[in-house]
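First the structure, in the form of structure tokens, and then the observations on it.
The values are calculated or read from the model by the stated rules, or taken from the named source; none is laboratory data. Please read all numbers here as calculations on a predicted model, not as lab measurements. As a convention, Cβ positions derive from the backbone with ideal geometry for all residues, glycine included, and neighbour counts pool all protein chains shown. What goes into the accessible areas is simple: the full protein's heavy atoms, side chains included, and nothing from ligands, DNA or RNA. Shrake-Rupley method; radii C 1.70, N 1.55, O 1.52, S 1.80 Å.
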Amino acid sequence: MKERILMLVLIFSGALLQQLLPAWPLLGGAKPPILAALALHYALRRTGRDLWLAIFAAALLRDGLDLGPFGPALLAFPLMGLLARRVRNDIFADGLVTQLVFGALAGGMAALMAMLVYMGSGQRPVQPGHALLHLLGAALLGMATLPLVSRAASRLEAALPRRRGYGWQ
Amino acid sequence: MLLFAFVAPSSLTRRGKGAVRSATAPAERGAATLWRRLAEASAVIRGIGGAVERNRELSQELVRVQTELSGLRDAENDNVRLRRAFDFSRQAPFALIPCEVVSRNIDGWWGTVRIGKGSTAGIEPNRAVVSPDGLVGRTAEVAPLSSEVLLLSDPGCRVSAKILRVEVFGLVRGVGTNLRGEPRARIDFINKDVDIHANDEVVTSGLGAFPKGVHIGYVSAVHRDESGLYQYAEIIPRATAGLLDYLFVVTDAGKEPAP
């Protein structure tokens, strides 16, 4: 229960932090994808209800706090969850290389889905050069964000007080 | 899910977004306050560091005074900023609702900021948002406790405008930011026979819900449209909105500001 509450608190705090951080003009205005990184972190480590709770909480916050309809994150994050669930037994989730690859994937996929939804629904013009720069920027920032977010979340979880076990109890 | 993304009823979307934003609004305000305190603390620390670098033999008393001075300087800056905002809201000929910027956009696709007031304070969608420097953008989505402001530099923001010197009309639209993060916009559909120069002032025309004569920016370059029927001009928007700035939502756009 404590771990679930910490997970939700982290996702909520991640949403606030992602909003406060400035966009990077050199990377097409991309921002560090903290919510996508948190969703992926939990998708690689949790099962069942917690996995989907994390993914949908992050997606609802991401879409609810952005302009336009619900959709980009509600499509991208569950896809990431399904992918992570499929490969989680074949990879070492705490490995730096794994996190770099998956971080780039998380950032890139979230940005790509947003771009497709905005273009498909005709909500905003997307310039090809800017869009490409934004996608690359989101992937790069995802690579930098996932290891940091994953390490911070793991440390906080490890710091939670645990009930002492008594053998068969 | 796809169906929900593309054809979700707007009322459902609005209610859903309103619920998410109402839930996050108090935390956003708290985070904004915390951010301001951190910025003030870092300014004070920078002040101490600078003093130590300038003269390592300064006494502890002098450092204390320097710290106090840094704090006072911050307070003075805040005072000047607030006084300017207050004077602007008092002198503006339209009814204004003062708001504080509490957060930026979450993903970087949209050029938006969120202000800490919403429909409960009387804010409606598609209202002009101004600062003492000029037009900032317009309100896009309004929740009970917060509103999303679409900035002038966003490609989705379009404003009817005129070039003041030659009294010619056009449509201003955002073209994003350059690689240094500076906002950019352009005014389209200008009569090709009109002589436009760099540094010509661009103001709102008064069409739509926007007040007339609000400063937008200055022309930086003039180009001929591909079709050859019109010309367009690049604009440097003067008003920008950062985190924790004070903005004003125009509620009554009836009159033109005094020159």
(message) How high is the relative contact order of region B:108-181? Use alpha-carbon pairs under 8 Å, at least six apart in sequence, and give a whole percent.
(response) 26
(request) Before rounding to the nearest 500, sum -39500 (n - 2.57) across all DSSP H runs of length at least 4 in the protein assembly as shown and divide by the residue total; then give [θ] at 222 nm in deg cm²/dmol. (result) -16500 deg cm²/dmol
(message) Using a 1.4 Å probe and counting only protein heavy atoms, how much accessible surface gets buried when B and A come together, both sides summed, in Å² to the nearest 100?
(response) 3700
(message) Can you give the longest run of chain A that contains no chymotrypsin sites (Phe, Trp or Tyr not before Pro) sitting in a DSSP loop with at most 16 other Cβ atoms inside 10 Å?
(response) A:1-91
(message) Helix A:96-120 against the longest principal axis of chain A: what's the angle in degrees, Cα atoms only, rounded to the nearest 10?
(response) 40
(request) Between the chain alone and the structure with every protein chain in place, find the residues of region B:96-137 that drop at least 40 Å² of accessible area; heavy atoms, 1.4 Å probe. (result) B:Arg104, B:Ile106, B:Asp107, B:Gly108, B:Trp109, B:Trp110
(message) Given a 1.4 angstrom probe, what's the average accessible area per residue across region B:161-259, in square angstrom?
(response) 51
(message) Can you list the residues in region A:50-91 whose accessible area drops by at least 50 Å² when all protein chains are present, compared with the chain alone? Use a 1.4 Å probe, heavy atoms only.
(response) A:Leu65, A:Asp66, A:Leu67, A:Phe70, A:Leu75
(message) Leaving out ligands and nucleic acids, and using a 1.4 Å probe, what accessible area per residue does region A:92-169 come to in Å²?
(response) 59
(request) Convert each backbone phi in region A:133-142 into a coupling constant with the Karplus relation 6.51 cos²θ - 1.76 cosθ + 1.60 (shift: θ = phi - 60°), then list the ³J(HN,Hα) values in order as whole Hz, x for Gly and Pro. (result) 4, 5, 5, 4, x, 5, 5, 5, 5, x
(request) At 7 Å along the Cα-to-beta-carbon direction for both B:Asp193 and B:Leu12, put a label point, then send me their distance in nm to one decimal. (result) 5.4
(request) For B:Ser220 paired with A:Leu8, estimate the spin-label separation in nm (one decimal), with each label point 7 Å from Cα along the Cα-to-Cβ line. (result) 4.7
(request) Return the Cα extents of the protein assembly as shown along principal axes one, two and three, sorted largest first, each rounded to a whole Å. (result) 87, 67, 40
(request) Kindly state, to the nearest 0.05, the FRET efficiency for A:Arg162 paired with B:Arg36, given R0 = 56 Å and r defined as their beta-carbon distance. (result) 0.90
(message) Quick query: amide H of B:Gly217 versus all other amide H atoms, modeled in the peptide plane; which residues come in under 5 Å with a sequence gap of 5 or more or a different chain?
(response) B:Val202, B:Arg238
(request) Please give every one of the aspartates and glutamates within straight-line cross-link reach of B:Lys117, meaning a C-alpha to C-alpha distance under 13 Å, and leave out same-chain neighbours fewer than 8 residues apart. (result) B:Glu28, B:Glu100, B:Glu141, B:Glu148
(message) Over chain A, what is the relative contact order in percent, taking alpha-carbon pairs closer than 8 angstrom and at least six residues apart?
(response) 29
(request) Determine the share of the protein assembly as shown's accessible area contributed by carbon and sulfur atoms, expressed in whole percent, with a 1.4 angstrom probe. (result) 60
